[in-house]
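Scroll down for the structure; my scribbles are underneath it.
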């Protein structure tokens, strides 16, 4: 039998020249999804598929700030066998997804994995998952098969990731799932993450600092580090002993909508399933058949490519089309305008909208039922007022509680690959909006070559998220490093389930980090006049590496009123600086005497 290395080298020569969409006779009417989408058919040799994906991983595994974007899609069928499994490793800006109507329609016998990234000593040292961002896995089944892997690698399917990474609509069996890579030498720090609508085996959380699992089934969960949250999860652990272990568990998810997905129907036609919004749900959406919702033919979408001008995109949206963004980086000098109720904007392969000339790349009107999913939005070198606006400020806010505008896997960057400037990253003015997994990041590192002091003055962002609308819910909100309040919540009846925040690393002096007479800006601010708000499982972390003497008075700042409640919140010192209190003067200091040890407040107001 030919060795796995030999098969890979042979097949590599077959595919290196053709990392483009694969189409057979049954695909005569398939849409053109662009050169950065590869579609696999179950009739293709495992060696050819594996070689394609090995080559892609080799290009993307260290390309953290690069411009390449890719989606690898699997048509319904089975890939790999017990004797010849398919092993996949996933790098930056890569989406791996099945094209079935159900996760069971695409079966991978093998593994789909992310390992630690090694950043020193020529790729052998400082191995961790803290910067394993921007990758997606969804809508397929994995029957774990480790044949051909060494002893440690054979112990689990590894998914060692941090922010801007989602696992959705998965059915994994036949082994263990580990959210950290304990095989690669060196420390294995990780800071994720998000799972939704999935059936999973026993899960080793390992070193993951925080994690949200929503509407899923799990056979078990091994441990928690700082903040582990379960909403509507069959098999979730009990949270009555919080913070030991640090679990927060909801019997049901109060409001949810699963992410839209591309699939191929029985007739071979490409379609998009748009799940319906649901309330008080538990478990996976696909157990009894197709996920509740509506199906749109691909012909209802304008399939955009990075070369398409915004005026063409807006013209198609005005004519009633939905929008499918194929993988790539789009320079956006004027807003993409979503004005029609129920419009779907779906990105493949981490499609990225980059602000040009101080634009607001995506502007959603005050209309109900819009869904924006799988899109990354970057600030540009000229300051934008906002990167994504949902509803007009002081607008009429027409909305529908049973059909909320929904943002799923929507990510933001200010700095990193290039200079970025914005006033606010995400501004929500409409009522009845659901934010289902967002990472809003002012970059703490990048390729710009700045010192921390320079970055503070050049890569600028005042606030990460500003919520002005009422009845806004966030499930999995990650906001980091902004220069004033990271999140400001002005609307009534807001709910956040899992909030993660790192304060900025780079204020040069205490004078640069003052809110009037108050030392620093809280990581989460509920406006003084708000009467009703709930936050469940929130963490604010400090690492003032540019000036370790800097203080922040409170991690959370909220009005003193019975209707505003915090549940299972904490602050953590990562090695520099001080947060004096957890919330409103309550809670001990997170300082360098307790690095890595959270300061918890179980409930606020304190009973």
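The set of residues in segment 396-451 being within 17 Å of residue 258 (Cα to Cα), assigned to a loop (DSSP other than H, G, I, E, B) and in contact with a strand residue (DSSP E or B) (Cβ under 6 Å, 6 or more places away or on another chain) consists of 404 alone. If a residue has to be closer than 23 Å to residue 257 by Cα and more than 25 Å from the chain's Cα centre (by Cα) to count, how many in segment 340-371 make the cut? Qualifying residue count for the region: 1.
Out of 210, 228, one residue alone is closer than 28 Å to residue 574 by Cβ and either surrounded by fewer than 24 Cβ atoms within 10 Å (Cβ to Cβ) or in contact (Cβ under 8 Å) with a residue 40 or more places away in the chain (or both). It is 210. State whether one or more residues within segment 71-87 are on the phi > 0 side of the Ramachandran plot and at pLDDT below 95. Within segment 71-87 (the criterion being on the phi > 0 side of the Ramachandran plot and at pLDDT below 95), the answer is no, since none of the residues qualifies.
Counted as qualifying within segment 243-305 are the strands (runs of 3 or more DSSP E) with 1 or more residues that are within 30 Å of residue 228 (Cα to Cα) and in contact with a strand residue (DSSP E or B) (Cβ under 6 Å, 6 or more places away or on another chain), namely 247-250, 253-256, 261-264, 270-275, 278-281, 293-297. If you check 51, 97, 82, 56 for being touching a strand residue (DSSP E or B) at 6+ places or on another chain (Cβ under 8 Å) and in a helix (DSSP H, G or I), only one passes: 56. Residues of segment 581-593 that are over 16 Å from residue 499 (Cα atoms) and part of a strand (DSSP E or B): 581, 586, 590.
Say whether the condition of being free of Cβ contacts under 8 Å to residues at least 24 places away in the same chain, touching a strand residue (DSSP E or B) at 6+ places or on another chain (Cβ under 9 Å), surrounded by fewer than 16 Cβ atoms within 10 Å (Cβ to Cβ) and under 24 Å from residue 242 (Cα atoms) is met by at least one residue in segment 594-602. Yes, segment 594-602 has at least one match.
Pick from 172, 142: which is closer than 23 Å to residue 37 by Cβ, assigned to a strand (DSSP E or B) and free of Cβ contacts under 8 Å to residues at least 40 places away in the same chain? Being closer than 23 Å to residue 37 by Cβ, assigned to a strand (DSSP E or B) and free of Cβ contacts under 8 Å to residues at least 40 places away in the same chain holds for just one of 172, 142, which is 142.
Considering only residues of segment 377-404 that are in contact (Cβ under 8 Å) with a residue 60 or more places away in the chain and crowded, with 24+ Cβ neighbours inside 10 Å, which is nearest to residue 460 (Cα to Cα)? The selected residue is 379. The lone criterion from (1) at pLDDT 95 or above; (2) more than 21 Å from residue 301 (Cβ to Cβ) left unmet by residue 329 is number (2). Within segment 464-519, the residues that satisfy the criterion of being part of a loop (DSSP other than H, G, I, E, B) and under 23 Å from residue 432 (Cβ atoms) are 468, 469, 470, 471, 472, 490, 491, 492, 493.
The values are calculated or read from the model by the stated rules, or taken from the named source; none is laboratory data. The shown structure was predicted, so the numbers you read here are calculated from the model rather than taken from an experiment. Note that each Cβ is placed from the backbone with ideal geometry, even for glycine, and that neighbours are counted across all protein chains shown.
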